[in-house]
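Novice: I have a structure here, written as structure tokens, and I will follow up with some questions on it.
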Amino acid sequence: VESRAVTEGLSVFIVNSHRDRGREDAYLRMFEQNRVQGILVASYDPLEERLQAIRSRGIPSVIVGQHARSVEQPSVSVDEVRGGRLVADHLLATGRRRLAFVGGPMSIHQVHDRYQGASDAVRAEPGATIEILHVDERTIDDGRRAAEQIAARPPSQRPDGVFAANDLTALGLLQGLVHAGVRVPEDIALVGYDDIEFGASSLIPLSTVRTPQMGFGVRAMDLLVAEMAGDPLPERHVILDPELVVRASSG
């Protein structure tokens, strides 16, 4: 975002709501009161009505990370359903049949869509199953706790393939499973999501789904710059394709 903004002579102010709805609303009010030229918003909560009110008063916006429902609200998102399907198809192709999805809350649309894609693939495969192991924050500690739950089961009742909603959870799962004597990927294949830097350099390099992060920010700024200039947009809803990256944790 900043690299693209610099080419337009724009400055970027960054705030983080830490998933606090009240703080998010306060930041949006602050931006509007200071008459910023445009707003990029990545939020866990539905916010199109709030942004529409701000847009009606002359400040354009682009939603980042969610596909906007309104045809008027520009957005840039990743096809998370496709990403989840890529993971499940990969695990099924390696012979795994008892899959588990470790993630949550399902109210977060990225988590929901990743699970939906995986479950769609599983339903199309005779004899395959998928269960959900819920976690709240998708952290390394959440992954370790999920690994403890899995390792406590008899081997025949454990999943043989695990899809973690993000790489941090997957790294916690990896640590917990190895500590419990579960072999990865021989006993349980493991795939994360996001392709963070630490995943490739872990003791067992982590399979994951990569999203086009640089292209993501540039496309979002392209839309916002056009909106600020009043130019017509070639497309209001940009949907980017994810890419499966296979490493040793599922190979």
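The values are calculated or read from the model by the stated rules, or taken from the named source; none is laboratory data. Quantities reported herein were computed from a predicted structural model and do not represent experimental measurements. Neighbour counts run over all protein chains shown; Cβ positions are idealised from the backbone, glycine included. Surface accessibility is based on the protein's heavy atoms, side chains included, excluding ligands, DNA and RNA. Shrake-Rupley method; radii C 1.70, N 1.55, O 1.52, S 1.80 Å.
Novice: Sort out which residues of segment 139-150 are crowded, with 19+ Cβ neighbours inside 10 Å and either more than 23 Å from the chain's Cα centre (by Cα) or modelled with pLDDT under 95 (or both), and write them in order of number.
Specialist: 150
Novice: As an exercise: evaluate residue 95 against (1) surrounded by 14 or more Cβ atoms within 10 Å (Cβ to Cβ); (2) over 19 Å from residue 19 (Cβ atoms) and give the number of the one condition it does not meet.
Specialist: (1)
Novice: Related question: Of all residues being in a helix (DSSP H, G or I) and open to solvent by less than 30 Å² (accessible area, probe 1.4 Å) in segment 217-251, which is farthest from residue 167 (Cα to Cα)? Just the residue, please. Steps first, please.
Specialist: Residues of segment 217-251 that are in a helix (DSSP H, G or I), as a first pass: 217-229.
Narrowing the set further to residues that are open to solvent by less than 30 Å² (accessible area, probe 1.4 Å) leaves 217, 220-221, 223-226.
Working: 217: 20, 220: 24, 221: 26, 223: 29, 224: 30, 225: 32, 226: 34 Å.
It comes out as 226.
Novice: Quick check on residue 177: is it in a helix (DSSP H, G or I), open to solvent by 10 Å² or more (accessible area, probe 1.4 Å) and in contact with a strand residue (DSSP E or B) (Cβ under 9 Å, 6 or more places away or on another chain)?
Specialist: Details: in a helix (DSSP H, G or I): yes; open to solvent by 10 Å² or more (accessible area, probe 1.4 Å): no; in contact with a strand residue (DSSP E or B) (Cβ under 9 Å, 6 or more places away or on another chain): yes.
No: the conditions fail for residue 177.
Novice: Among the numbered criteria (1) open to solvent by 10 Å² or more (accessible area, probe 1.4 Å); (2) touching a strand residue (DSSP E or B) at 6+ places or on another chain (Cβ under 9 Å); (3) part of a loop (DSSP other than H, G, I, E, B), which single criterion is violated by residue 107?
Specialist: Every condition holds for residue 107 apart from (2).
Novice: Yes or no: residue 70 at pLDDT below 95 and hydroxyl-bearing (Ser, Thr, Tyr)?
Specialist: In short, yes.
Novice: If you don't mind, another one. Pick from segment 19-28 the residues that are of a type in the set (D, E, K, R) and part of a helix (DSSP H, G or I): which of them is surrounded by the most Cβ atoms within 10 Å (Cβ to Cβ)? Talk me through it step by step, then tell me what you get.
Specialist: Of the residues in segment 19-28, the ones of a type in the set (D, E, K, R) are 19-21, 23-25.
Next, only the ones that are part of a helix (DSSP H, G or I) stay: 21, 23-25.
On the way: 21: 12, 23: 13, 24: 20, 25: 14.
Looking at residues that are of a type in the set (D, E, K, R) and part of a helix (DSSP H, G or I), I get 24.
Novice: Considering 195, 167, which residue is at positive phi and surrounded by 13 or more Cβ atoms within 10 Å (Cβ to Cβ)? Quick ask: steps written out before the conclusion?
Specialist: Numbers: 167 fails: at positive phi.
Step by step, each of 195, 167 is checked, and only 195 is at positive phi and surrounded by 13 or more Cβ atoms within 10 Å (Cβ to Cβ).
Novice: Take residue 5 and tell me if it is open to solvent by less than 50 Å² (accessible area, probe 1.4 Å), farther than 21 Å from residue 138 by Cβ, aliphatic (A, V, I, L, M) and touching a helix residue (DSSP H, G or I) at 6+ places or on another chain (Cβ under 8 Å).
Specialist: On the way: open to solvent by less than 50 Å² (accessible area, probe 1.4 Å): yes; farther than 21 Å from residue 138 by Cβ: yes; aliphatic (A, V, I, L, M): yes; touching a helix residue (DSSP H, G or I) at 6+ places or on another chain (Cβ under 8 Å): yes.
The answer is yes for residue 5.
Yes/no matrix, rows are residues, columns are (1) part of a loop (DSSP other than H, G, I, E, B); (2) at pLDDT 95 or above; (3) closer than 18 Å to residue 73 by Cβ:
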residue	(1), (2), (3)
9	yes, yes, no
12	yes, yes, no
17	yes, no, no
30	no, yes, no
37	yes, yes, yes
40	no, yes, yes
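Novice: Listed residues 136, 113; which is part of a helix (DSSP H, G or I) and either modelled with pLDDT under 95 or of a type outside the set (A, V, I, L, M) (or both)?
Specialist: On the way: 136 fails: part of a helix (DSSP H, G or I).
Of the residues listed, the single one that is part of a helix (DSSP H, G or I) and either modelled with pLDDT under 95 or of a type outside the set (A, V, I, L, M) (or both) is 113.
Novice: Working carefully through the options 225, 182, 191, 218, find the one that is aliphatic (A, V, I, L, M), over 21 Å from residue 98 (Cα atoms) and in contact with a helix residue (DSSP H, G or I) (Cβ under 7 Å, 6 or more places away or on another chain). Show your work before the answer.
Specialist: Values: 225 fails: in contact with a helix residue (DSSP H, G or I) (Cβ under 7 Å, 6 or more places away or on another chain); 182 fails: over 21 Å from residue 98 (Cα atoms); 191 fails: over 21 Å from residue 98 (Cα atoms).
Just a single option satisfies the conditions, and that option is 218.
Novice: Oh, and also: Just the residues that are closer than 18 Å to residue 242 by Cα, assigned to a helix (DSSP H, G or I) and among the aliphatic types (A, V, I, L, M), please, taken from segment 52-93.
Specialist: 81, 86, 87, 88, 91
Novice: Starting from segment 47-73, keep only residues that are over 16 Å from residue 37 (Cβ atoms), then list their pairs with residues that are open to solvent by 60 Å² or more (accessible area, probe 1.4 Å) whose Cβ atoms are within a distance under 6 Å, requiring at least 6 positions of separation or different chains.
Specialist: Partner pairs satisfying both residue conditions: 64/42; 65/42.
Novice: Right, here's the next one. From the list 97, 85, exactly one residue is modelled with pLDDT of 95 or more and more than 14 Å from the chain's Cα centre (by Cα). Which is it?
Specialist: Values: 85 fails: more than 14 Å from the chain's Cα centre (by Cα).
97 is the lone residue from the list that is modelled with pLDDT of 95 or more and more than 14 Å from the chain's Cα centre (by Cα).
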